[in-house]
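Working notes, beginning with the structure itself.
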Amino acid sequence: MIQVKNINKSYGSLQVLRDINLSVKKGEVVSIVGASGAGKTTLLQIIGTLDRADSGELFINGQDVSKLKDRKLSQFRNENIGFVFQFHNLLPEFTALENVCMPALIKGKSMDEAKKEAMQLLEFLNLGERAQHKPSELSGGEQQRVAVARALINKPAVILADEPSGNLDSQHAKELHNLFFQLREQYDQTFIIVTHNEELAAMADRKITMKDGKNIEA
């Protein structure tokens, strides 16, 4: 599903990633841990095509995405990759339903089709009754589940999560962690999760520790 080959990334004189090699199979849940500054988020952003490596190759679903031009890359990202961030980045002026619809509308689906699929996801995540509420009217756990629904709407092959439970209390964090594995069983999606949460990291099929810009299989 994902192949990272000899990825290097520097910001000025600071080398953040050093010859990273990583393979992730379809349907696998992989956690990435390590101290702050180890390069975890940078690696996730490169896998998510939000940033480009200085050198190396990145294959997702057999596609060499490191060679795609910006427009094609944006289209590939919209159709194949879902993101869940620590700060859920919901648009405050839109309802939960409208927030979930956004990636589908960008992909070119009609509003009716997008709303139907978004509602199905919200109901699956036990948020059907909250569909018309704006983010400010939702709890932290509910907002994060809306963000998960938004990440899922285009049925991406890969879900990338960066500290997804970082702002949640222990109960909501546990519910979110269990949800990832439930989604894997339901949709056979591949998850890469950057986390400081040891419980979540241990639940993954595989744990990768990053140190000084390099990855070490646990």
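A few comments on the model shown:
- The residues of the stretch 155-202 that are open to solvent by 60 Å² or more (accessible area, probe 1.4 Å) and of a type in the set (Phe, Trp, Tyr) amount to a single one, TYR187.
- Positions within the stretch 1-55 being small (Gly, Ala, Ser) and on the phi > 0 side of the Ramachandran plot, in sequence order: GLY12, GLY27, GLY34, GLY37, GLY39
- Residue match in the stretch 71-81 (condition: of a type in the set (A, V, I, L, M, F, W, C), touching a Ser or Thr at 6+ places or on another chain (Cβ under 6 Å), under 19 Å from THR190 (Cα atoms) and not in a helix (DSSP H, G or I)): no
- Here LYS109 does not qualify as under 20 Å from THR190 (Cβ atoms), open to solvent by 30 Å² or more (accessible area, probe 1.4 Å) and either at pLDDT 90 or above or part of a loop (DSSP other than H, G, I, E, B) (or both).
Residue-by-condition table, conditions (1) modelled with pLDDT of 85 or more; (2) of a type in the set (Lys, Arg):
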position	(1), (2)
GLY140	no, no
ARG150	yes, yes
PRO156	yes, no
ASN167	no, no
HIS177	no, no
PHE180	no, no
THR190	yes, no
ILE193	yes, no
THR209	yes, no
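- Residue match in the stretch 121-143 (condition: of a type outside the set (Ser, Thr, Tyr), farther than 30 Å from GLU199 by Cβ and free of Cβ contacts under 8 Å to residues at least 12 places away in the same chain): no
- Cβ pairs under 7 Å, 6+ apart, first in the stretch 171-188 and farther than 21 Å from LYS26 by Cβ, second assigned to a helix (DSSP H, G or I) and open to solvent by less than 90 Å² (accessible area, probe 1.4 Å): HIS172/GLY140; HIS172/GLY141; GLU175/GLY141; LEU176/GLN144
- Any chance ASP212 is surrounded by fewer than 21 Cβ atoms within 10 Å (Cβ to Cβ), under 17 Å from the mean Cα position of the chain (by Cα) and not basic (Lys, Arg): no
- Annotation note: of LYS26, LYS72, the sole residue that is open to solvent by 40 Å² or more (accessible area, probe 1.4 Å), closer than 26 Å to ASN197 by Cα and basic (Lys, Arg) is LYS26.
- Residues (surrounded by fewer than 21 Cβ atoms within 10 Å (Cβ to Cβ), in contact with a helix residue (DSSP H, G or I) (Cβ under 6 Å, 6 or more places away or on another chain) and not in a loop (DSSP other than H, G, I, E, B)) located in the stretch 30-60: GLU57
The values are calculated or read from the model by the stated rules, or taken from the named source; none is laboratory data. Predicted model only: the values in this text are computed from it and were never measured. Here the Cβ is made from the backbone with ideal geometry for all residues, glycine too, and neighbour counts use every protein chain on show. Heads up: the accessible areas ignore ligands, DNA and RNA and are worked out on the full protein's heavy atoms, side chains in. Shrake-Rupley method; radii C 1.70, N 1.55, O 1.52, S 1.80 Å.
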